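In what follows, a structure is listed as structure tokens, so that the remarks can point back to it.
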Amino acid sequence: MEDIDFAKEVVHVRRQVKRVGSSLCFALPKGRKVRDVPLPSSVARDIQWHLVPFVPLPVPLPVPLPWADPRPPETPVEVKHRRPRAFDLLVTGRRRGAIDRKSFNIYV
């Protein structure tokens with residue numbers, strides 16, 4: 001939940017769950033730009049309401065995903081940059097794992 005600042009009413013957009021082929025990974029947001037987005041109080045209330053029955057998965061319990069490219073690394077540099085990372089997930093799939101926007105749009 002480090003990306004939502006309820007006090008300052010802002011969401012820090014720092015990463016996305018991205019589908020590459022049939023695998024998921026974390027990556028920079030669209031346009032490779034991190035940004036802060038205003039959080040309307042009505043949306044903040046809905047998020048807090050959502051958090052009651054659906055507590056975010058705490059790190060390190062979430063499924064770690066590779067960064068930017070889910071393919072197996074082939075060089076030491078790729079090993080370093082693609083290492084799995086874990087973040088709290090506000091919205092998860094049925095099995096409490098990460099979902100990408102396409103799956104969210106279709107099923108939720």
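Just so you know, all these numbers are worked out from the coordinates, no wet-lab data involved. Nothing here was measured: the structure is a model prediction, and the numbers come from that model. Don't worry about glycine lacking a Cβ; one is built from the backbone with ideal geometry, like all the others, and counts go over all protein chains shown.
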How large is the Kirkwood hydrodynamic radius of segment 4-107, counting all unique pairs of alpha carbons, in Å?
15.1 Å
Where does the charge balance sit around Lys102 when Lys and Arg score +1, Asp and Glu -1, over other residues with C-beta under 11 Å from its C-beta?
+2
If one takes the longest principal axis of the Cα atoms in the chain, at what angle in degrees, from 0 to 90 and to the nearest 10, does the Cα axis of helix 41-51 lie?
70 degrees
Filtering GluC sites (Glu not before Pro) in the chain by DSSP loop and by at most 10 other Cβ atoms within 10 Å leaves Glu2, Glu74
Modelled FRET efficiency - R0 35 Å, Phe6 with Phe104, Cβ distances, 0.05 increments
0.95
Could you work out the helix-only [θ] at 222 nm for the chain, with each DSSP H run of four or more residues adding -39,500 (n - 2.57) and the total divided by the number of residues, to the nearest 500 deg cm²/dmol?
-6500 deg cm²/dmol
How many lysine pairs in the chain, separated by 8 or more positions in sequence or lying on different chains, have Cα atoms less than 20 Å apart?
5
The simple spin-label model distance between Asp69 and His81, using points 7 Å out along Cα→Cβ, in nm, is 0.6 nm
